[in-house]
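In what follows, a single structure is set out as structure tokens and then discussed.
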Amino acid sequence: LFVEHELEKDAQVTIEGPQAHYLGRVMRVKEGDTVILCDNVTGEWAMQVAQVTKHSVHGLVTGQLRPREEVPDFWLCPALLKKDRFGTVLEKATELGVAAIMPVVTRRCVADKLNPDRARTIVVEAAEQCARTALPDVGPVAKLDALLRDWPENRILFFADEEGGEPAADAFCYAEGPAALLVGPEGGFDDAEREAIRAHPNARPISLGPRILRGETAAIAGIAVWMAEAGD
Ligand code: SAM
């Protein structure tokens with residue numbers, strides 16, 4: 001379970017709310033059981049359960065299991081998609097190991113906002129399921145022009161372009177340094193957006209094959225190719 005506060009040996013921990021309900025009612029933990037906690041700062045710790053009440057679980061941190069892992073310094077910049085599809089992007093990007101997810105809104109986006117609490121819940125649950133000890137950062141939704149204007153100069157911006165680009169595997173395996181993948185919405189980028197992206201000095205158009213993929217498919221496939229070619 002990911003907890004909000006930093007953990008250390010011999011710390012007393014009290015878990016309340018939905019997480020306490022999950023531990024007590026679903027997992028049926030009892031006194032003496034060990035629960036694995038993550039604080040997204042120091043890493044993964046073992047907590048020995050001391051008391052389970054109707055609304056809370058109390059325990060003592062007995063030792064660190066794993067330090068916070070390093071994940072590849074790869075960002076996903078997905079254009080907002082319709083609700084469930086964007087939830088899939090958040091979940092699979094977390095499982096696949098991205099360091100950050102920077103949602104983008106473009107002119108053809110059907111959705112124009114993201115519920116940050118829902119996004120965090122999806123990311124935390126995905127991280128717990130795949131045993132990540134570091135949560136990906138989920139940034140605020142940025143307009144495409146602002147994302148391009150403020151883009152960090154040392155980071156390559158691979159642009160998933162169904163109209164053509166270097167084969168992703170080739171582009172990724174020779175990439176040096178931090179990188180990101182920009183993926184468009186259901187309706188794609190319009191001509192002015194595509195021109196602005198291609199004009200950016202850090203932008204590198206990449207192809208994920210001859211077929212037109214859904215945004216969530218392109219995001220998942222693009223990250224998987226990156227992790228295979230350049231992830232560590
Ligand atoms: N232009 C598409 C069409 O005609 O249906 C609409 C966009 S597509 C559904 C969603 C996004 O996935 C695109 O903006 C692009 O970023 C990415 N994408 C889809 N197929 C791709 C491919 N073969 N190679 C690279 N990116 C692709």
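The values are calculated or read from the model by the stated rules, or taken from the named source; none is laboratory data. From a predicted model like this one, the values you see are computed outputs, not experimental measurements. We place every Cβ from the backbone using ideal geometry, glycine too, and count neighbours over all the protein chains shown. SASA here: full protein model, heavy atoms, side chains in, ligands and nucleic acids out. Shrake-Rupley method; radii C 1.70, N 1.55, O 1.52, S 1.80 Å.
Can you find, within the stretch 125-177, the residue that is nearest to the ligand (Cβ to nearest atom) among those that are farther than 23 Å from ALA199 by Cβ and among the acidic types (Asp, Glu)? The extreme case among them is ASP137. Checking the stated criteria, GLY222 turns out not to satisfy the condition of being near the ligand (Cβ under 8 Å from one of its atoms), part of a loop (DSSP other than H, G, I, E, B), open to solvent by less than 50 Å² (accessible area, probe 1.4 Å) and not charged (D, E, K, R). Inside the stretch 188-219, residues that are part of a helix (DSSP H, G or I) and hydroxyl-bearing (Ser, Thr, Tyr) make up a count of 1.
Being among the aliphatic types (A, V, I, L, M) and part of a strand (DSSP E or B), is that true of even one residue in the stretch 86-97?
The answer is no, given that none of the residues of the stretch 86-97 is among the aliphatic types (A, V, I, L, M) and part of a strand (DSSP E or B).
Residue-by-condition table, conditions (1) in contact (Cβ under 8 Å) with a residue 60 or more places away in the chain; (2) in contact with a Ser or Thr (Cβ under 6 Å, 6 or more places away or on another chain); (3) not β-branched (Val, Ile, Thr):
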| site | (1), (2), (3) |
| --- | --- |
| HIS5 | no, no, yes |
| LEU23 | no, no, yes |
| GLY63 | no, no, yes |
| VAL71 | yes, no, no |
| LYS82 | yes, no, yes |
| LEU90 | no, no, yes |
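Close Cβ contacts (under 6 Å, 6 or more residues apart or on different chains) running from residues in the stretch 38-61 that are closer than 19 Å to GLU125 by Cα and touching a residue at least 60 places away in the same chain (Cβ under 8 Å) to residues that are of a type outside the set (Lys, Arg) and not in a strand (DSSP E or B) comprise CYS38/THR133; ASN40/LEU135; GLY43/THR133; GLU44/THR133. Scan the stretch 20-39 and give yes if some residue there is polar (S, T, N, Q) and closer than 27 Å to ALA99 by Cβ, otherwise no. No, the conditions are met nowhere in the stretch 20-39. Per the conditions (1) under 27 Å from GLY87 (Cβ atoms); (2) touching a residue at least 40 places away in the same chain (Cβ under 8 Å); (3) touching a Leu at 6+ places or on another chain (Cβ under 9 Å), the sole criterion not satisfied by ILE212 is (3). Look at ILE206 and say whether it is out of contact with any strand residue (DSSP E or B) (no Cβ under 7 Å at 6 or more places or on another chain) and near the ligand (Cβ under 10 Å from one of its atoms). Judged against the criteria, ILE206 is not a match.
Residues are listed down the side, and each one gets a yes or a no for (1) closer than 15 Å to GLY222 by Cα; (2) exposed (fewer than 14 other Cβ atoms within 10 Å of the Cβ):
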site: VAL105; (1), (2): no, no
site: PRO116; (1), (2): no, yes
site: ALA134; (1), (2): no, no
site: PHE159; (1), (2): yes, no
site: ALA169; (1), (2): yes, no
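Take the conditions modelled with pLDDT of 95 or more, more than 20 Å from VAL110 (Cβ to Cβ), near the ligand (Cβ under 10 Å from one of its atoms) and more than 21 Å from the chain's Cα centre (by Cα) and apply them to PRO201. Does it pass? Taking the combined requirement at face value, the residue does not satisfy it.
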